[in-house]
């Protein structure tokens, strides 16, 4: 690959020290916020300000959580629904990363790649993934491929654009120093550019996970028999609001857990990021 640094500015982005709260203090603020929301929810429902059909109380939702976990809902337990959804999200994430990271490198390293791929991403990115749903069903049927593809479309752009941003942010001084020491183009990409861009790539993964979970419910409309989105849609059709809210909370909890795991991976893989 020639002209590998044609895209990279001489100076990287300025280092700005972020305002940081002590970790324990931030954790206490988060707990207090969640407790306040839970208390407000309980107060509104206990006072009868909203009918249970529209907003069941926390106790009712917790009861449904236990019921769905033990006996199931629409022919599957909560764990089975969760496993089905996680499988689709992870399959979409792997496919999006395998496609999006090379696209990001092509955009970041080459003017030709940027000229070809960047406009396509900018055209496709604003279109909601659900707009592709009819075409996906026509082209790929109603099997698992269609569900994974819809979620993957939502994940692709964040990973590709974050990767491209990370690649372009690499200082050309590092590239030139490595070249002077005799490094090949492959070694420069593998040992200089990729590690430097990894924080941005992981940020793109975190954004992509959020986009994927937000698309999950619609993706599981395509002839699904299991999945959190399918469970929520089935409950909504029969006005089982407590199951709907329970499913939403489970998705939120799982998404938060995955977000936390990616942040932990980021601290382990790129411990220097954000320290300067």
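Please specify each residue of the stretch 232-242 satisfying the condition of being touching a helix residue (DSSP H, G or I) at 6+ places or on another chain (Cβ under 7 Å) and within 11 Å of residue 55 (Cα to Cα). Give the steps one after another, and end with the answer.
Pass one, the stretch 232-242, residues touching a helix residue (DSSP H, G or I) at 6+ places or on another chain (Cβ under 7 Å): 232-233, 235-236, 242.
Correct list: 242 only.
Scan (1) surrounded by fewer than 22 Cβ atoms within 10 Å (Cβ to Cβ); (2) in contact (Cβ under 8 Å) with a residue 60 or more places away in the chain; (3) in contact with a helix residue (DSSP H, G or I) (Cβ under 7 Å, 6 or more places away or on another chain); (4) closer than 30 Å to residue 119 by Cα for the single condition residue 192 breaks and write down its number. With respect to (1) surrounded by fewer than 22 Cβ atoms within 10 Å (Cβ to Cβ); (2) in contact (Cβ under 8 Å) with a residue 60 or more places away in the chain; (3) in contact with a helix residue (DSSP H, G or I) (Cβ under 7 Å, 6 or more places away or on another chain); (4) closer than 30 Å to residue 119 by Cα, residue 192 is out only on (2). Within the stretch 111-139, residues that are within 20 Å of residue 215 (Cβ to Cβ) reach partners that are not in a helix (DSSP H, G or I) with beta carbons closer than 7 Å, at six or more positions or on different chains, in the pairs 137/222. The lone criterion from (1) farther than 29 Å from residue 89 by Cβ; (2) assigned to a helix (DSSP H, G or I); (3) touching a residue at least 60 places away in the same chain (Cβ under 8 Å) left unmet by residue 146 is number (1).
Within the stretch 53-85, the residues that satisfy the criterion of being in a loop (DSSP other than H, G, I, E, B), touching a helix residue (DSSP H, G or I) at 6+ places or on another chain (Cβ under 7 Å) and surrounded by 12 or more Cβ atoms within 10 Å (Cβ to Cβ) are 55, 56, 57, 74, 77. Only helices (runs of 4 or more DSSP H) whose full extent lies in the stretch 183-276 are considered here, and the ones with at least 2 residues that are within 17 Å of the chain's Cα centre (by Cα) and at negative phi are 194-219, 228-237, 241-269.
Among the criteria (1) in a helix (DSSP H, G or I); (2) within 24 Å of residue 227 (Cβ to Cβ), the one residue 122 does not fulfil is (2).
Any idea which residue in the stretch 86-106 is nearest to the chain's Cα centre (by Cα), counting only those that are exposed (fewer than 15 other Cβ atoms within 10 Å of the Cβ) and within 30 Å of residue 226 (Cα to Cα)? Even if it seems obvious, please write down each step before you answer.
Filtering the stretch 86-106 down to residues exposed (fewer than 15 other Cβ atoms within 10 Å of the Cβ) leaves 94, 98, 102.
Of the ones still in play, those that are also within 30 Å of residue 226 (Cα to Cα) are 94, 98.
Working: 94: 12, 98: 15 Å.
The qualifying residue nearest to the chain's Cα centre (by Cα) is 94.
Among the listed residues 109, 120, 149, identify the single one that is at pLDDT below 90 and buried (at least 17 other Cβ atoms within 10 Å of the Cβ).
So the residue among 109, 120, 149 that is at pLDDT below 90 and buried (at least 17 other Cβ atoms within 10 Å of the Cβ) is 109.
Regarding residue 246, is this residue touching a strand residue (DSSP E or B) at 6+ places or on another chain (Cβ under 7 Å), within 23 Å of residue 69 (Cα to Cα) and in contact (Cβ under 8 Å) with a residue 12 or more places away in the chain? In short, no. Please verify whether residue 205 is surrounded by 13 or more Cβ atoms within 10 Å (Cβ to Cβ), in contact with a helix residue (DSSP H, G or I) (Cβ under 7 Å, 6 or more places away or on another chain), under 30 Å from residue 105 (Cα atoms) and at pLDDT below 90, treating the condition exactly as stated. No: the conditions fail for residue 205.
Taken over the stretch 20-40, residues that are over 25 Å from the mean Cα position of the chain (by Cα) and at pLDDT 70 or above amount to 8.
The values are calculated or read from the model by the stated rules, or taken from the named source; none is laboratory data. Note that the structure is predicted; figures quoted are calculated from it, not measured. Don't worry about glycine lacking a Cβ; one is built from the backbone with ideal geometry, like all the others, and counts go over all protein chains shown.
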